[in-house]
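Have a look at the structure below before the remarks.
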Amino acid sequence: MYQQSVPPIPDSIDSVGVWVRGIAQAERPDLAYAAEQAARALVSAAIRRTGQGERIHTQIDVSQDSLRIEVQDPGGSDYSGGFETAELSSTATSFGASGDHNGHRAWVILRRRREVRRDLGR
């Protein structure tokens, strides 16, 4: 498990993106680009919910066949969805979010897409 905490400023989007891509390159190179894009989307949304002086927490869990990226912030529920949700849906195997008075948590699981084999009748 890898963890990082960043301030809610625009530079954190790039910082977390580079951090996630580096870990993915070392652990699951086939998922590096998708991991960076997902992390950027999650942190971008978290910045809007996080006040000055608060922190955004990121975590990456690596398994044999996947990467799980989670972003937590002190904001509450967020029903806005928008671009970040659309972007995640196009790259992730699964994703989700929850929020209450204790904060907001969003996560994404990335897996390599398996190629479909076709039986050519041989």
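Considering (1) in a helix (DSSP H, G or I); (2) at pLDDT below 95, say which one S15 fails and leave the rest.
Looking at each condition in turn, S15 falls short on (2).
Considering segment 24-59 alone, what residues qualify as being part of a helix (DSSP H, G or I), of a type in the set (V, I, T) and surrounded by 21 or more Cβ atoms within 10 Å (Cβ to Cβ)?
Of everything in segment 24-59, just one residue is part of a helix (DSSP H, G or I), of a type in the set (V, I, T) and surrounded by 21 or more Cβ atoms within 10 Å (Cβ to Cβ), namely V43.
For S5, are the conditions met, namely being of a type in the set (S, T, Y) and in a helix (DSSP H, G or I)?
Taking the combined requirement at face value, the residue does not satisfy it.
Hey, can you tell me all the residues within segment 11-29 that are of a type in the set (K, R) and more than 13 Å from the chain's Cα centre (by Cα)?
R28
Whether any residue in segment 80-102 is modelled with pLDDT of 85 or more and either among the β-branched types (V, I, T) or outside any loop (DSSP other than H, G, I, E, B) (or both) is what I want to check.
no
The values are calculated or read from the model by the stated rules, or taken from the named source; none is laboratory data. Remember, predicted model here, so these are calculated numbers, not experimental data. Virtual Cβ from ideal backbone geometry, glycine too; neighbours counted across all protein chains shown.
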